[in-house]
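**Q** Here it is, the structure in full.
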Amino acid sequence: MRILRLSVAFIYFQVGLTFATSTEEHINHFINQVEIPRLSETYPNAAIGITLNNVSALNYIPACDNGFFQIINQRPEATKRTNYEISCSEPVWKSYVPVTQSIMIPAIKTITPINRGQIISKSNTDVGEVDLSSLRGHIFTEDNPPYGQIASRNLRINTFITDNLTTPPMLIKKGDVVLITAQSGSILVRMNGVALENGVKGQQIRVKNTSSERIIYAKVVTDSEVLVNY
């Protein structure tokens, strides 16, 4: 699953609630009205949770007399921890609030141990929820499953599968008879060949044309076809 990253350095929010509104209420309003909708848009199927850390410290922050209260998320790209910069124009003050985020994503996980080199399939996987910050690499989802991929290492039960744990399947093996498709503009020529090395989809491998004995480089398209562009 590809994750969108914000290009802005921060996100800020200005509220004009009543003077009696507490600092914590201002921040919770910001979380509910700005941060959770923003994260939900970035991670559409995720369950979003945001927790303020050290809430008791907010009791020592002066009231914002004129009701002009600004909040800036200093790390909007963060998936786990960030800081909110909070400030008031009258009286003038600024403070920082540490925040912990939880972004729970439905993703594909193992339901049986999978050995290195074993094919990942629907029968040995299922869907579960995982905190995005606990994973390295891109996760696989029901919309983008890892079925047909090969485990690059031994996977324990209940392991969430990422692209770091998989390799593409070997489509063509050395010695396989393949169809060479050569294309130049609208001209298309097909000929028989033999693979001289293994290859996964999209990989360039050496192939020998069985008619001319010429060795060329071609891109693996399927388990029986390679493509040459001129």
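All of the numbers you see were taken from the coordinates with simple rules; none came from a lab. Worth saying up front: this structure is predicted, and the values here are computed from it rather than measured. A quick note on method: Cβ atoms are made from the backbone with ideal geometry, for glycine too, and the neighbour counts reach across all protein chains shown.
**Q** At 222 nm, what helix-only mean residue ellipticity would the chain give, in deg cm²/dmol to the nearest 500, using -39500 (n - 2.57) for each DSSP H run of four or more? Walk me through the intermediate numbers first.
**A** On the way: 2 runs with 15 residues, N = 230.
So the helix-based figure for the chain works out to -1500 deg cm²/dmol.
**Q** Can you tell me the dipole magnitude for the chain around its Cα centre, using point charges on the Cβ only (Lys, Arg +1; Asp, Glu -1), in Debye to the nearest 20?
**A** 1320
**Q** With Cβ to Cβ distances under 15 Å as the rule, what net charge do the other residues near ASN115 carry (K, R +1; D, E -1)?
**A** Neighbour charge sum, excluding ASN115 itself: +3.
**Q** Please order LYS122, LYS174 by the number of other Cβ within 10 Å, starting at the fewest. Intermediate values should be presented prior to the final figure.
**A** Values: LYS122 10, LYS174 13.
Ascending number of Cβ neighbours within 10 Å: LYS122, LYS174.
**Q** Tell me the chymotrypsin sites (Phe, Trp or Tyr not before Pro) within region 140-222 that lie in a loop according to DSSP and have at most 16 other beta-carbon atoms within 10 Å.
**A** TYR147
**Q** When a footprinting reagent is the concern and you count Cβ atoms within 10 Å, what order do VAL189, VAL200 take, fewest first?
**A** VAL189, VAL200
**Q** Here are a few candidate values for Cα extents along the principal axes in Å: [x] 87, 45, 21; [y] 52, 45, 34; [z] 60, 39, 34. Which one was actually calculated from the structure I just gave you?
**A** [x]
**Q** What's the extension gain from SER123 to SER56 if we count 0.36 nm per residue and subtract their Cα-Cα distance?
**A** 19.2 nm
**Q** Taking the Cβ of GLU85 as the center, what net charge do the other residues with Cβ under 12 Å away carry, scoring Lys and Arg +1 and Asp and Glu -1?
**A** Net charge in that neighbourhood comes out at +2.
**Q** A further question follows. For the chain, which longest stretch is free of loop sites, where a loop site is one of the GluC sites (Glu not before Pro) that DSSP puts outside H, G, I, E and B and that has at most 15 other Cβ atoms within 10 Å?
**A** No qualifying site falls inside 1-76, the longest such stretch.
**Q** Now a separate question. Would you mind calculating the gained length between GLU142 and SER95 on full extension (0.36 nm times residue separation, minus the Cα-Cα distance), in nm to one decimal?
**A** Full extension from GLU142 to SER95 adds 12.7 nm.
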